[in-house]
Amino acid sequence: MSMFLKSCSLYKYRPRKNIALQINFNKIPNDEKDSLKDRIHLGLIELQQKESKRRKKKKILAYSAAASIALLVTLFINRENAQKSVIKTDLELFAEQAKTESNIDLENISLVLQDQKTIAVQDSAVISYGKNGEKVTVGQKAINTNSNTAAFNTVRVPYGKRTQIVLTDGTTVWLNSGSSLIYPTQFDGSIREVYLTGEAAFDVAHNKNKPFFVKTKECNVRVLGTVFNVSSYPEDATVQTALLQGKVRITYAKKGLLSNQEIQEDLTPGMIATINKDKKLLKVERKDVASILSWREGYFSFRSQSLNEILSKLSKYYKIEFIKGADLNLDANYSGSFALNENLNSLANTLSSITNNTCTVNANQRTITIK
């Protein structure tokens, strides 16, 4: 039985191996022979073309990959060199090294001196520096800054409060809710500069030989003597500069994946420059600038602003949280004004009369439900 199986397996294997040799081409008609030859020839040509294309494509991809890598390396090196070539001022270095504490939980307006001594400032007090910067007056109290040379002081303002600062050159700064300003006690050198987080209005003392710079994380504002407002809150999606008088230049370093682009725009009175942080776009337009600076006079005025923008500003100015109803139209535009010393009930009534929405106050949690 085993011999039979073995012979059978040999019988099946040999014909499969030699099947091509057993074809009798003499029995195939001539027309079929020609057709078969043509198909074989065309098949070989097609295989050769495919192989040639595959090899060519492989070479192109290899060359493209090598070129892309070389380009990326070149751009990366150029960007690193460009970043290294930017010389930062002492103020910018100080702002980077200083602890960036949030003002959300801050209760009182604070003046932080160069030795880190913190002075509590009353709500209505003005912080004013002498010409040499050695003394600062907080309200009616004179304080020695313990500095014969320029040093950096910081004013921090909690949400719901505001303060006013007079710098050594006579420039007046109104610092808004939840904001911080770093500045030197003396303006040595060829420029005057301050570093802002949050919102401030400036009335800059004119000095054509020593330009004034307001620096923020996103942009720089250069002025000679003018009145303007800068809003640069970390939590906001935009940075806004509004010019009331004079002339300013906005410098925005647009950071890309591989390189940076510096964009500059000059503003004239009545113009507003808005930088969108996410889209990395700078937009300039004309609007009612006076209403934007109204907060320094003790009230919040607005014209044709969306409800979402209004609630965002009121939340900062009053240190409150708005609970918004599901059907609330946050894109609807309104005009009106609020006194910044109103209590929550008065604020809710004014907001209700302007928007025709229902407002409910929870004084203990400092919330207003609007729907």
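Stretching ARG366 away from THR238 to a fully extended chain increases their span by 43.5 nm, per 0.36 nm per residue minus the current alpha-carbon distance.
From the cross-link list LYS247/LYS324; LYS135/LYS255; LYS208/LYS279; LYS161/LYS283; LYS117/LYS283, which pairs have alpha carbons spaced over 32 Å apart? The partial results should precede the final answer.
Working: LYS247/LYS324 39 Å; LYS135/LYS255 41 Å; LYS208/LYS279 35 Å; LYS161/LYS283 30 Å; LYS117/LYS283 41 Å.
Too far apart for the 32 Å limit: LYS247/LYS324; LYS135/LYS255; LYS208/LYS279; LYS117/LYS283.
Each Lys or Arg adds one and each Asp or Glu subtracts one; over the other residues with Cβ under 12 Å from the Cβ of THR367, this totals +2.
With R₀ set to 25 Å, the beta-carbon distance separating ASN333 from GLN122 gives a calculated FRET efficiency near 0.10.
When only alpha carbons of segment 307-357 are considered, Rg and Dmax amount to 10.4, 30 Å.
Compute the signed sum of charges (Lys and Arg +1, Asp and Glu -1) over the other residues within less than 14 Å, Cβ to Cβ, of GLY130. Each step should come with its number before you reach the end.
Values: positive: LYS131, LYS135, LYS141; negative: GLU134, ASP169.
Combined, the nearby Lys, Arg, Asp and Glu give +1.
Spherically averaged projected area of the convex hull of Cα atoms, segment 246-371: 9.6 nm². Note on segment 254-300: percent of Cα-Cα distances in each 5 Å bin, starting at 0 and stopping at the bin with the largest distance, equals 5, 16, 20, 18, 16, 12, 7, 4, 1, 0. Here is the tail figure for segment 146-273: Cα pairs spaced more than 17 Å apart come to 58 percent of all pairs. Cα centroids of segment 237-304 and segment 342-359: 29 Å apart.
The label point for ARG286 and the one for ASN207, both projected 7 Å from the Cα toward the Cβ, are 3.4 nm apart.
For segment 288-328, no residue has its backbone nitrogen under 12 Å from a point 7 Å from the Cα of ASN276, taken along Cα to Cβ.
Applying the criteria of a DSSP loop state and at most 10 other Cβ atoms within 10 Å to the trypsin sites (Lys or Arg not before Pro) of segment 227-336 yields LYS279.
Bear in mind that the values in this text are calculations on the coordinates, not laboratory data. All values reported here derive from a predicted model rather than from experimental measurement. A quick note on method: Cβ atoms are made from the backbone with ideal geometry, for glycine too, and the neighbour counts reach across all protein chains shown.
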